[in-house]
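Structure first, then comments.
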Amino acid sequence: MDKAHSFIAGLELPTTCVPYDSYGGLVSDQNVDVVYIATPHSHHYQHVMLALVSGKHVLCEKPLTVNTNQAKVLCDEARKRNRFLMEAMWTRFLPITKDVMNEICRGTVGEVLRVLVDTGFGDEVEKTWGTEHRMPNKALAGGALLDLGIYSLTWIFLSLYHVLPMPQRKPPTAIAAQMTLNYLTGADEASSILLTFPTTAPNNIADWKSQAVALTNLRVSTDPGGQNSAGPSIRIQGTRGEVQLDGPSFRPERHRIILRHDNTQVEGSGSVREVNHPISPDIKGMYWEADEVGRCLRDGKIESELLPWDEMTAVMNVMDEARRQGGLSYPDEIESTIYSSS
């Protein structure tokens, strides 16, 4: 507790900021309304359940859980207890994300038929992470997919699923995945997923289909030069042009609209429009998701329209299937839906 008090004092936080010596002490405090959970992936299910059964609203770091079954159980528990629950996928709440989704909905680039997203770190895994760090550690549900690949999948679902009205949203009908498993730990250090969606966005053309590629890699960097010189990390391609986003997929820094030069019927044909979205390094951009939690609680909602539970579990289902095809499973105790209250 001395260390916790020193931490609070060092940041000059208000006197109402209280440290706890256990999670039980935290969730039993009647002054706590919302619990933010940022423990390793392996512990999310147990910690979210602890908060929910204690009557707390929950914002939990991505991925919400290790698998779809766990996510569904937590959503059912939140519904039963009328508690707010949201995955802290901060990328969804950034201003750039809202702008890009609006461009798709307006049909600026036509009907979206393909989305390509790469999320790579470019680390020397053995030197940077070793084997015990949560990133490559199977015992902590580590690996590239759950930690980084979920960002690639997020942009795919935003572009081909979320932009549609809820009755028209359909998950992918085909999933093909390949993984490279780390030779020391067995967790994935690279994952590639090809998805086929049964429709298109924004007009839900059922006679067409759309495809997407989600890439992630711990050893290979999306932007090795660090100056966006390797090209966009995200490409959302439509019949009239495409949206490109620069910067890491979890926090893009600019987007550009490129319209087809040969489509004379489209106003601005051949044009390129670029918009910068700088984020101060002092804030990192995570407060937008906190704002969404506050708005939802103010309005009496238990789930966010920007990240509804069905979409959360649909993304998780893709990762389940990718792990199945890639031969990646985690220890039974962290894949289980059994809640241990002790």
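The values are calculated or read from the model by the stated rules, or taken from the named source; none is laboratory data. Since we're looking at a predicted model, the values are computed, not measured. A quick note on method: Cβ atoms are made from the backbone with ideal geometry, for glycine too, and the neighbour counts reach across all protein chains shown.
Tell me, which helices (runs of 4 or more DSSP H) lie completely within region 1-114 with 3 or more residues that are closer than 30 Å to Ala141 by Cα and either touching a helix residue (DSSP H, G or I) at 6+ places or on another chain (Cβ under 7 Å) or at pLDDT 95 or above (or both)? Please lay out each step first, then the result.
Numbers: elements: 2-10, 23-27, 44-53, 68-81, 95-105.
By residue number, 23-27, 44-53, 68-81.
Just so you know, in region 325-341 the residues that are in contact (Cβ under 8 Å) with a residue 24 or more places away in the chain and not polar (S, T, N, Q) include one that is farthest from Ala174 (Cα to Cα), and it is Tyr339.
Return a yes/no flag: does region 276-295 have any residue that is assigned to a helix (DSSP H, G or I) and among the aliphatic types (A, V, I, L, M). Yes; the residues of region 276-295 include at least one that is assigned to a helix (DSSP H, G or I) and among the aliphatic types (A, V, I, L, M). Take region 216-236 and flag every residue that is surrounded by fewer than 22 Cβ atoms within 10 Å (Cβ to Cβ) and either out of contact with any Ser or Thr (no Cβ under 8 Å at 6 or more places or on another chain) or under 15 Å from Leu153 (Cβ atoms) (or both). Correct list: Arg219, Val220, Ser221, Pro224, Gly225, Gly226, Gln227, Asn228, Ser229, Gly231, Arg235.
Residue count for region 185-202, restricted to those that are closer than 29 Å to Asn137 by Cα, of a type outside the set (Ser, Thr, Tyr) and in contact with a helix residue (DSSP H, G or I) (Cβ under 7 Å, 6 or more places away or on another chain): 7.
Going by the structure shown, is Thr337 surrounded by 20 or more Cβ atoms within 10 Å (Cβ to Cβ) and touching a helix residue (DSSP H, G or I) at 6+ places or on another chain (Cβ under 6 Å)? No: the conditions fail for Thr337.
Being surrounded by 13 or more Cβ atoms within 10 Å (Cβ to Cβ), in contact with a strand residue (DSSP E or B) (Cβ under 9 Å, 6 or more places away or on another chain), β-branched (Val, Ile, Thr) and under 18 Å from Cys75 (Cα atoms) narrows it down to one residue among Val48, Val53, Val27; which is it?
Numbers: Val53 fails: in contact with a strand residue (DSSP E or B) (Cβ under 9 Å, 6 or more places away or on another chain); Val27 fails: under 18 Å from Cys75 (Cα atoms).
Result: Val48 is the single residue among Val48, Val53, Val27 that is surrounded by 13 or more Cβ atoms within 10 Å (Cβ to Cβ), in contact with a strand residue (DSSP E or B) (Cβ under 9 Å, 6 or more places away or on another chain), β-branched (Val, Ile, Thr) and under 18 Å from Cys75 (Cα atoms).
Which of the following residues is surrounded by 22 or more Cβ atoms within 10 Å (Cβ to Cβ), within 24 Å of Phe250 (Cβ to Cβ) and under 16 Å from the mean Cα position of the chain (by Cα): Met86, Met101? Before the answer, list the steps.
On the way: Met101 fails: surrounded by 22 or more Cβ atoms within 10 Å (Cβ to Cβ).
Exactly one of Met86, Met101 is surrounded by 22 or more Cβ atoms within 10 Å (Cβ to Cβ), within 24 Å of Phe250 (Cβ to Cβ) and under 16 Å from the mean Cα position of the chain (by Cα), namely Met86.
Inside region 130-147, residues that are surrounded by fewer than 21 Cβ atoms within 10 Å (Cβ to Cβ) and under 29 Å from Ser280 (Cβ atoms) make up a count of 2. Pairs are defined by a Cβ separation below 7 Å, a sequence spacing of at least 6 or placement on different chains, a first member in region 289-313 that is farther than 25 Å from Val66 by Cα, and a second member that is at pLDDT below 95; no pair meets this definition. Residues that are more than 28 Å from Phe121 (Cβ to Cβ) and not β-branched (Val, Ile, Thr) within region 175-201 comprise Pro198, Ala201, listed in sequence order.
Can you tell me which residue is surrounded by the fewest Cβ atoms within 10 Å (Cβ to Cβ) among those in region 167-184 that are in contact with a helix residue (DSSP H, G or I) (Cβ under 8 Å, 6 or more places away or on another chain) and more than 15 Å from Gly326 (Cβ to Cβ)?
Leu184
Residue count for region 63-86 under the criterion of being β-branched (Val, Ile, Thr) and either free of Cβ contacts under 8 Å to residues at least 60 places away in the same chain or over 18 Å from Leu328 (Cα atoms) (or both): the result is 1. Of all residues in region 186-212, exactly one satisfies the criterion of being of a type in the set (Ser, Thr, Tyr), within 30 Å of Met135 (Cβ to Cβ) and crowded, with 22+ Cβ neighbours inside 10 Å, namely Ser191. Applying the criterion of being of a type outside the set (Phe, Trp, Tyr) and buried (at least 17 other Cβ atoms within 10 Å of the Cβ) to the residues of region 89-98, the residue that is nearest to Tyr339 (Cα to Cα) is Met89.
Answer yes or no: is there a residue in region 256-268 that is among the hydroxyl-bearing types (Ser, Thr, Tyr), out of contact with any Cys (no Cβ under 6 Å at 6 or more places or on another chain) and exposed (fewer than 13 other Cβ atoms within 10 Å of the Cβ). Talk me through it step by step, then tell me what you get.
First, pick out the residues of region 256-268 that are among the hydroxyl-bearing types (Ser, Thr, Tyr): 264.
Narrowing the set further to residues that are out of contact with any Cys (no Cβ under 6 Å at 6 or more places or on another chain) leaves 264.
Next, from what is left, pick out any that are exposed (fewer than 13 other Cβ atoms within 10 Å of the Cβ): 264.
Scanning region 256-268 turns up at least one residue that is among the hydroxyl-bearing types (Ser, Thr, Tyr), out of contact with any Cys (no Cβ under 6 Å at 6 or more places or on another chain) and exposed (fewer than 13 other Cβ atoms within 10 Å of the Cβ).
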